[in-house]
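**Q** Quick one: the structure is below, and I'll ask about it shortly.
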Amino acid sequence: MKPLEDILVIDLSQFLSAPSATLRLADLGARVIKIEKPETGDIGRQLSAANLKINNESPLFVPVNRNKESFEADLKRDLDKQRVLKLIEKADVLVHNFRPGVVERLGFDYEFIKKINPGIVYGEISGYGEEGPWANKPGQDLLVQSLSGLTWLNGNAGSGPTPVGLAIADILSGSHLAQGILAALLKKATTGEGSKVSVSMLESIIDFQFESITTYFHDGGEPTVRPRSNSAHAYLGAPYGVYKTQNGYLALAMGSIPGIGGLIGCDELDDYQEPESWFTKRDEIKTILADKLSTNTTEHWLSILEPADIWCAKVMDWETLFNQEGFKALNMIQNVTMGDGFEYKTTRCPIKIDGEYFTSPLGAPKLGEHTNQISSKFNISFK
């Protein structure tokens, strides 16, 4: 039995942030009913990724909406609104990611919803919170990354701001929302009381940077300075970084600079005995390391460094990773099937409970695929 079986989630959200939260709830056993506008559905269905389609759907839509049901309803039409409210009356959780003010205009704000379902756990994600001068700015991932300071932590000095090549603010805020909802469900189980759980993308991405932000304040607010080369962390010293070898790349994390020098036969590194110098002189150390590591293969250096317990790894692309026994042992990829029989590969839930991973064979729904079935189950009239 999955831990969230018998939990009903009504999902009014679109795009990626809140849908990633309801995906995790679905993986853990909840029944997630996704409310979608007739004809167009979740706007995520129309988003483009590499000019590809998966069974006529966006590759950005199908991974995050697997294991859910689709119910068509136009929230601006009174009849459809009443049908959705009937579902919400019986729900344990309601999720949305409308901009501030929109959910009130639609009539699904928390104050109203808790009148018809006092025990509801009401989860919402915004871009920048409900108040302040940024409240109505569009909560899009690249924009949030750019405002948050994150882009100045990546890349080498002089390279300009460098975003993370994933929708990291979306995914983090979705993860935080799922955590908050789970905590609120525990509270409900013990007290019977519902809760409103609010997360913003900006707060999530700022929290993600807690180590560097704390260091920044303790450093007196000095500007962030990235290494000139082989950068992987703006606040860590050498050898931390990625280095080109004869046939690929090698990642080096922590380790004594003179110790590494002795292992790889680089006498120049013996000059840096003081750990403080590994930060203050990291650029010159990295230049020396980069020159030496370029003279042989990744496998050669790993054969020397790994037995000496130096933290290092081969830098892999997906093709290389997916062929590794270490990856295969995780069984991280699963096959899922859509309602029309179309199969595709995607990732599984990464959580293990009592030795069991949670997988599900159900792919993303077609728009409105479950409207009739849900209406029958919950005695919802079309008139």
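**Q** I'd like to verify a number: residues in region 101-130 that are crowded, with 21+ Cβ neighbours inside 10 Å and of a type in the set (Asp, Glu), how many?
**A** Counting residues in region 101-130 that are crowded, with 21+ Cβ neighbours inside 10 Å and of a type in the set (Asp, Glu) gives 1.
**Q** Out of Leu79, Leu87, Leu52, report the one residue that is more than 24 Å from Leu172 (Cβ to Cβ) and part of a loop (DSSP other than H, G, I, E, B).
**A** Result of the check over Leu79, Leu87, Leu52: Leu52.
**Q** Going residue by residue through region 139-151, is there one that turns out to be on the phi < 0 side of the Ramachandran plot, assigned to a loop (DSSP other than H, G, I, E, B) and among the polar types (S, T, N, Q)?
**A** yes
**Q** Something else: Collect the residues in region 34-56 that are surrounded by fewer than 23 Cβ atoms within 10 Å (Cβ to Cβ) and closer than 20 Å to Ile374 by Cβ, keeping them in residue-number order.
**A** Those that are surrounded by fewer than 23 Cβ atoms within 10 Å (Cβ to Cβ) and closer than 20 Å to Ile374 by Cβ: Lys37, Pro38, Glu39, Thr40, Gly41, Arg45.
**Q** In addition: Residue check: is Asp270 touching a Gly at 6+ places or on another chain (Cβ under 9 Å), surrounded by fewer than 16 Cβ atoms within 10 Å (Cβ to Cβ) and either modelled with pLDDT of 95 or more or of a type in the set (S, T, N, Q) (or both)?
**A** Yes: the conditions hold for Asp270.
**Q** Moving on to the next point. What residue, among those in region 152-166 that are within 14 Å of Leu142 (Cβ to Cβ) and surrounded by fewer than 17 Cβ atoms within 10 Å (Cβ to Cβ), is farthest from the chain's Cα centre (by Cα)?
**A** Going through the qualifying residues, I end up with Pro161.
**Q** Something else now. So how many residues does region 181-238 have that are in a helix (DSSP H, G or I) and acidic (Asp, Glu)?
**A** Going through region 181-238 one residue at a time, the tally reaches 3.
Table: residues versus (1) more than 16 Å from Ala18 (Cα to Cα); (2) assigned to a helix (DSSP H, G or I); (3) in contact with a helix residue (DSSP H, G or I) (Cβ under 9 Å, 6 or more places away or on another chain).
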position	(1), (2), (3)
Pro59	yes, no, no
Arg66	no, no, yes
Phe71	yes, no, yes
Asp74	yes, no, yes
Arg83	yes, yes, yes
Pro100	no, no, no
Lys115	yes, yes, no
Ile125	no, no, yes
Trp134	yes, no, yes
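**Q** Restricting to region 354-383, and then to whatever is modelled with pLDDT under 95 and in a strand (DSSP E or B), can you tell me which residue is surrounded by the most Cβ atoms within 10 Å (Cβ to Cβ)?
**A** Only one residue fits best here, namely Tyr357.
**Q** Residues being under 15 Å from Gln246 (Cβ atoms) and of a type in the set (A, V, I, L, M): count how many of those fall in region 289-313.
**A** Count: 5.
**Q** Is region 289-296 home to any residue that is surrounded by 13 or more Cβ atoms within 10 Å (Cβ to Cβ), closer than 17 Å to Gly262 by Cβ and polar (S, T, N, Q)?
**A** Yes: one or more hits.
**Q** Based on what the data block shows, is Pro350 surrounded by fewer than 15 Cβ atoms within 10 Å (Cβ to Cβ), closer than 30 Å to Gln46 by Cα and not assigned by TED's automatic domain parsing to the domain that holds Leu302?
**A** yes
**Q** Condition check: farther than 30 Å from Ala189 by Cα and either surrounded by fewer than 22 Cβ atoms within 10 Å (Cβ to Cβ) or not assigned by TED's automatic domain parsing to the domain that holds Gly339 (or both). Does Pro3 satisfy that?
**A** no
**Q** If Leu252 meets every condition in (1) more than 22 Å from Arg66 (Cα to Cα); (2) touching a residue at least 40 places away in the same chain (Cβ under 8 Å); (3) loosely packed, with under 15 Cβ neighbours inside 10 Å apart from one, which number is that one?
**A** The number of the failed condition is (3).
**Q** Looking only at region 211-227, how many residues end up being among the aromatic types (Phe, Trp, Tyr) and within 18 Å of Tyr240 (Cβ to Cβ)?
**A** 1
**Q** Being without any contact (Cβ under 8 Å) to a residue 12 or more places away in the chain and either within 20 Å of the chain's Cα centre (by Cα) or surrounded by 13 or more Cβ atoms within 10 Å (Cβ to Cβ) (or both) is the filter here; which residues of region 184-212 pass it?
**A** Result: Lys187, Phe210.
The values are calculated or read from the model by the stated rules, or taken from the named source; none is laboratory data. None of these values were measured; they are calculated from a predicted model. Note: ideal-geometry Cβ built from the backbone for every residue, glycine included; neighbour counts use all protein chains shown.
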